[in-house]
Amino acid sequence: MSKTLFDKVWDSHIVESIENGPDIFLIDKHFIHEVTSPQAFEELKRKNLKVFDPSKIVATVDHNVPTLNQHLPIKDELSKNQVEKLKLNCLEHDIDLFGLGNPNQGIVHVIGPELGITQPGMTIVCGDSHTSTHGAFGALAFGIGTTEVGHVLASQCILQRKPKTFAVNMSGALKSGVSAKDIILKIIQEVGVDGGVGHVIEYRGQTAGLLSLEERMTICNMSIEAGARAGMFAPDDKTFDYLIDKPMSPKGLDWDEAIQRWSRLVTDENAEFDKEVSIDVDRLSPMVTYGTNPGMAMQIDDVVPASNGDLGHKQSLNYMQIEADKPIIGKEIDVVFIGSCTNSRISDLQDAAEILKGRKVSNGVRALVVPGSQAVKKEAECLGLDKIFESAGAEWRESGCSMCLGMNGDTVGNGQLAVSTSNRNFEGRQGKGARTILASPKTAAASAIAGSVDDPRKYS
């Protein structure tokens, strides 16, 4: 029987199938951080249980950590307690922790790939929605709730019902000024924020093979914003080239065996998907959001869609203080954020730096650039990107989730409008009363210069 990439990974991890119920499903890697793990560890303690296999668990701090003065004690009591609690829990259960001061610390969905922990064919979970990022490597990766975090800690398994399959067929190549972020915003605009519910998306076609692993990560990262359980790309030579020199990738004969195994992780020729859509990347312009969910997206040179009697749409525009039937280019902004697990890798920072080099952030605009890991920070500084950002008038920070979710001191002010490279534009996501326009690093950098939403193709 012909199988999809997803089928092959799923079927190889079933421990036991329960009739008319979920599968008992084996998890290869479990990433944890300081926000969604404390309750799970407390439950283990209450039931007198130990972590089943500490070698399968990787811990880091990212959500609540400050991005300034990380060498100093954390001021916020909640954040400090969560970070300290994770440290104590990892010590008790012999779990590797990339804490503050560790050269491998960073956003969980950045450090997994860059260390070679993320590998094709794996099943990966984390108490974080955007775990789907790791699907760029041909892994099946998805977010889980705190109760499920406890289940995996205790058993290395989880109860799951098998999702349906969804093929997104992409044709064409990215044009100047257009990026992977624009591809995924276009896909979400087309299918809607619930278009992928109950499905795992496989990104396929000519475009898939042209994209770098970092671009694939951006697309998989936001699969959840289309309602999907996960997103995946089939591993290929680009995947293998990315992983070959990573610290935790297989070595020697193990590498040769891994390549043989990974090379089989492709959808069979006659395999069928439950759902399919097609996207022509050749026709794509830079994308931005205008409302309060990622599906409310538009090409930057279009006018804002009218509500046409849709009360939710009208309420979103009112919250955003954006007018229908008007261009979004030229809309004045207050903040630009370049970072998050979606767009904080070295290529993202290079895209932003290319536009900001020799230019200045507009007066009255606060621009924040936050690398996704200490390794990205170090590489960026070796390339001189930090100097480009600082010369332009942007703030250069240490690694963390930062302004993506406004819970660590980095926030957008009440009523302020931000252009952000993060993944969610919900009401108040970046701070109480904050308004968010999602965009690529290129568009964010262009907007920082203009002091208003701007087209990056002008600066290419």
Task: Pairs where the first residue, in the range 294-315, is touching a residue at least 12 places away in the same chain (Cβ under 8 Å) and the second is surrounded by fewer than 17 Cβ atoms within 10 Å (Cβ to Cβ) and in a strand (DSSP E or B), C-beta under 7 Å, 6+ apart - done: Val303/Pro327
Task: Residue that is surrounded by the most Cβ atoms within 10 Å (Cβ to Cβ), among those in the range 208-230 that are of a type in the set (Gly, Ala, Ser) and in a helix (DSSP H, G or I) - done: Ser223
TODO: Among the helices (runs of 4 or more DSSP H) lying completely within the range 231-345, list those that include at least 1 residues that are over 30 Å from Thr123 (Cα atoms).
DONE: 311-320
- [ ] Assess whether Leu78 counts as being without any contact (Cβ under 8 Å) to a residue 60 or more places away in the chain and more than 18 Å from Cys401 (Cα to Cα).
- [x] no
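Can you find, within the range 69-87, the residue that is farthest from Lys29 (Cα to Cα) among those that are surrounded by 13 or more Cβ atoms within 10 Å (Cβ to Cβ) and among the hydrophobic types (A, V, I, L, M, F, W, C)?
Here the answer is Ile74.
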Open item on the list: From the list Ser171, Ser155, exactly one residue is in the same structural domain as Tyr203 (by TED's automatic domain parsing) and either of a type in the set (Ser, Thr, Tyr) or modelled with pLDDT of 95 or more (or both). Which is it?
Closed with: Ser171
Open item on the list: For the range 416-459, give me each residue that is part of a strand (DSSP E or B) and in contact with a Pro (Cβ under 9 Å, 6 or more places away or on another chain).
Closed with: Leu438
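Residues are listed down the side, and each one gets a yes or a no for (1) assigned by TED's automatic domain parsing to the domain that holds Thr218; (2) in a loop (DSSP other than H, G, I, E, B); (3) in contact with a Leu (Cβ under 7 Å, 6 or more places away or on another chain); (4) modelled with pLDDT of 95 or more:
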site	(1), (2), (3), (4)
Lys75	no, yes, no, no
Lys80	no, no, no, no
His130	no, no, no, yes
Ala136	no, no, yes, yes
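State whether the residues of the range 241-256 include one that is buried (at least 20 other Cβ atoms within 10 Å of the Cβ), of a type outside the set (A, V, I, L, M, F, W, C) and modelled with pLDDT of 95 or more.
Yes - at least one qualifying residue is present in the range 241-256.
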Task: Output for the range 151-174, where each listed residue is assigned to a loop (DSSP other than H, G, I, E, B) and more than 18 Å from Pro22 (Cα to Cα) - done: Gly172, Ala173, Leu174
Open item on the list: Can you tell me which residue is surrounded by the fewest Cβ atoms within 10 Å (Cβ to Cβ) among those in the range 136-166 that are farther than 18 Å from Leu213 by Cβ and under 20 Å from the mean Cα position of the chain (by Cα)?
Closed with: Gly145
TODO: Of the conditions (1) aliphatic (A, V, I, L, M); (2) over 19 Å from Tyr242 (Cβ atoms); (3) touching a residue at least 60 places away in the same chain (Cβ under 8 Å), Met122 clears all except one; give me its number.
DONE: (2)
Task: Residues of the range 211-230 satisfying the condition of being more than 19 Å from Val125 (Cα to Cα) and among the small types (Gly, Ala, Ser) - done: Ser212
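Looking at the range 175-190 only, could you name the residues that are assigned to a helix (DSSP H, G or I) and among the β-branched types (Val, Ile, Thr)?
Ile183, Ile184, Ile187, Ile188
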- [ ] Check off (1) under 27 Å from Ala418 (Cβ atoms); (2) under 26 Å from the mean Cα position of the chain (by Cα); (3) not acidic (Asp, Glu) for Met232 and give me the number that stays unchecked.
- [x] (1)
Task: Verdict on Asp237 being free of Cβ contacts under 8 Å to residues at least 24 places away in the same chain and out of contact with any Cys (no Cβ under 6 Å at 6 or more places or on another chain) - done: yes
Open item on the list: It is to be established whether one or more residues within the range 191-207 are in contact with a helix residue (DSSP H, G or I) (Cβ under 6 Å, 6 or more places away or on another chain), of a type in the set (Gly, Ala, Ser) and part of a loop (DSSP other than H, G, I, E, B).
Closed with: yes
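The values are calculated or read from the model by the stated rules, or taken from the named source; none is laboratory data. Keep in mind that this is a model prediction, so the values were computed, not measured. Cβ coordinates were reconstructed from backbone atoms using ideal geometry, including for glycine residues, and neighbour counts include every protein chain displayed.
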